[in-house]
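Novice: Pasting a structure here, questions to come.
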Ligand SMILES: [Cu+2]
């Protein structure tokens with residue numbers, strides 16, 4: 001039974017609903033809230049869409065936190081979007097609006113913001129999102145250009161490179177509404193997508209050459225700046241630490257599956273290479289309005305950009321995906337693994353003869369000549 005009190009409440013509520021004016025700049029489009037996931041994984045999304053533009057809503061919490069970056073236990077006072085290095089990848093379609101709620105909890109010690117390379121105006125949003133600990137802000141920007149783009153923290157001055165190399169970077173992928181295409185307009189699809197964010201790190205050492213650790217980012221600042229200004233990273237890592245994507249953390253695929261790998265580097269150049277595989281289609285600069293290059297062996301990621309490579313695995317095994325500055329890959333950490341299951345194709349590669357001692361009859365002409373000289 002409807003009581004008088006209920007009726008009054010109902011009347012008050014409907015009065016409230018009709019008297020609240022719509023915000024002048026409000027956008028009358030469907031809204032979709034997306035839960036972000038930590039890299040190398042990417043939240044579920046459509047590759048091509050028949051729906052109209054939407055306001056895609058995301059929420060990221062900035063976390064200053066100590067992380068271990070190698071097997072020796074070296075520590076970094078990291079600054080992160082959502083607790084991961086890189087921050088999560090956001091996927092939208094051209095014409096969509098990205099509406100980000102950025103939260104800087106009171107437990108943090110520093111102001112932060114976000115500069116989206118995919119956004120237009122206001123320092124990529126950096127000018128409108130600077131928030132102190134205990135504050136949050138909502139930024140909305142229209143995705144007018146397709147491609148993979150970096151986002152990063154950019155407070156001001158020396159804070160910018162410091163926050164970026166401390167982990168505050170990630171990527172946005174703006175897909176064409178009709179999906180990806182090759183240079184002839186033929187649709188391209190992926191079965192899986194992985195996001196790799198490369199990070200150069202600059203960990204200070206003590207007088208004995210041992211890596212130092214600190215209690216807060218602020219405490220690490222002066223020493224870290226000194227290492228940064230020499231431009232020689234102590235670590236170059238994928239997804240936050242040496243080995244984040246190798247061994248049991250390897251990315252997986254099956255023979256016949258097509259994988260899109262998005263690779264970002266917010267600060268420094270890189271040159272991804274899939275050992276034993278290729279880039280079937282590569283948007284080296286990451287921008288889908290340009291036709292993809294085909295059959296690449298190594299591609300170049302300019303510091304401050306994200307690229308995308310599409311590859312269909314044809315052989316099983318463990319593939320290393322490296323920065324082909326091999327010193328950075330092997331000595332500094334820039335190596336990931338793909339573990340691929342399926343059947344081996346002998347036509348593509350076969351060990352015709354396993355390793356064996358060289359039979360005497362098969363000595364080369366040079367060796368025979370050398371022997372004939374020794375009498
Ligand atoms: Cu920051």
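The values are calculated or read from the model by the stated rules, or taken from the named source; none is laboratory data. None of these values were measured; they are calculated from a predicted model. Cβ sites come from the backbone with ideal geometry, for glycine too, and all protein chains shown count toward neighbours.
Novice: Can you find a residue that is within 30 Å of residue 109 (Cβ to Cβ), within 16 Å of the ligand (Cβ to nearest atom) and either in contact with a strand residue (DSSP E or B) (Cβ under 7 Å, 6 or more places away or on another chain) or in a loop (DSSP other than H, G, I, E, B) (or both) anywhere in the range 172-186? Break it down stepwise before answering.
Specialist: Taking the range 172-186 and keeping what is within 30 Å of residue 109 (Cβ to Cβ), we get 172.
Those still in the list that are within 16 Å of the ligand (Cβ to nearest atom) too: none.
No - not one qualifying residue is present in the range 172-186.
Novice: Now for a separate question. Being under 19 Å from residue 54 (Cβ atoms), surrounded by fewer than 17 Cβ atoms within 10 Å (Cβ to Cβ) and in contact with a strand residue (DSSP E or B) (Cβ under 6 Å, 6 or more places away or on another chain) is the filter here; which residues of the range 77-132 pass it?
Specialist: Passing the criteria: only 101.
Novice: Given the condition buried (at least 23 other Cβ atoms within 10 Å of the Cβ) and touching a residue at least 24 places away in the same chain (Cβ under 8 Å), answer yes or no: does some residue in the range 27-36 qualify? Working first, answer last.
Specialist: So the first thing to find is which residues in the range 27-36 are buried (at least 23 other Cβ atoms within 10 Å of the Cβ), and the list is none.
Checked against the condition, which is being buried (at least 23 other Cβ atoms within 10 Å of the Cβ) and touching a residue at least 24 places away in the same chain (Cβ under 8 Å), the range 27-36 yields no hits at all.
Novice: Any idea how many residues of the range 268-281 are surrounded by 21 or more Cβ atoms within 10 Å (Cβ to Cβ) and over 16 Å from residue 319 (Cβ atoms)?
Specialist: Summing the residues that are surrounded by 21 or more Cβ atoms within 10 Å (Cβ to Cβ) and over 16 Å from residue 319 (Cβ atoms) in the range 268-281 gives 2.
Novice: Here is a follow-up. With respect to residue 287, is the statement that it is within 30 Å of residue 213 (Cα to Cα) and part of a loop (DSSP other than H, G, I, E, B) true? First the steps, then the outcome.
Specialist: On the way: within 30 Å of residue 213 (Cα to Cα): no; part of a loop (DSSP other than H, G, I, E, B): yes.
Criteria not met by residue 287.
Novice: Moving to a separate point now. Restricting the search to the range 138-171, which residues are in contact with a strand residue (DSSP E or B) (Cβ under 8 Å, 6 or more places away or on another chain) and away from the ligand (no atom under 15 Å from the Cβ)?
Specialist: Result: 138, 140, 141, 142, 143, 145, 146, 147, 148, 149, 171.
Novice: Residue 103 versus (1) within 16 Å of the ligand (Cβ to nearest atom); (2) in a loop (DSSP other than H, G, I, E, B); (3) free of Cβ contacts under 8 Å to residues at least 60 places away in the same chain: which is the lone unmet condition?
Specialist: Every condition holds for residue 103 apart from (2).
Novice: Quick check on residue 198: is it more than 30 Å from residue 28 (Cβ to Cβ), in a strand (DSSP E or B) and touching a residue at least 60 places away in the same chain (Cβ under 8 Å)? Full working, then the answer.
Specialist: Working: more than 30 Å from residue 28 (Cβ to Cβ): yes; in a strand (DSSP E or B): yes; touching a residue at least 60 places away in the same chain (Cβ under 8 Å): yes.
So residue 198 passes the test.
Novice: Before we move on, is residue 207 outside the structural domain of residue 85 (by TED's automatic domain parsing) and either over 25 Å from residue 68 (Cα atoms) or not in a loop (DSSP other than H, G, I, E, B) (or both)? Steps first, answer last, please.
Specialist: Values: outside the structural domain of residue 85 (by TED's automatic domain parsing): yes; either over 25 Å from residue 68 (Cα atoms) or not in a loop (DSSP other than H, G, I, E, B) (or both): no.
Judged against the criteria, residue 207 is not a match.
Novice: A further question on this structure: Just a yes or no: is a residue in the range 45-60 within 16 Å of the ligand (Cβ to nearest atom) and in contact with a strand residue (DSSP E or B) (Cβ under 9 Å, 6 or more places away or on another chain)?
Specialist: yes
Novice: Name the single residue that is farthest from residue 317 (Cα to Cα) among those in the range 345-367 being at pLDDT below 65 and surrounded by 10 or more Cβ atoms within 10 Å (Cβ to Cβ). I'd like the intermediate steps shown before the answer.
Specialist: Step one: of the range 345-367, the residues at pLDDT below 65 are 362-367.
From what's left, surrounded by 10 or more Cβ atoms within 10 Å (Cβ to Cβ): 363, 367.
Numbers: 363: 34, 367: 37 Å.
Checking each candidate, the answer is 367.
Novice: Answer yes or no: is there a residue in the range 205-213 that is at pLDDT 95 or above, within 16 Å of the ligand (Cβ to nearest atom), crowded, with 16+ Cβ neighbours inside 10 Å and more than 21 Å from the chain's Cα centre (by Cα).
Specialist: No: the range 205-213 contains no residue that is at pLDDT 95 or above, within 16 Å of the ligand (Cβ to nearest atom), crowded, with 16+ Cβ neighbours inside 10 Å and more than 21 Å from the chain's Cα centre (by Cα).
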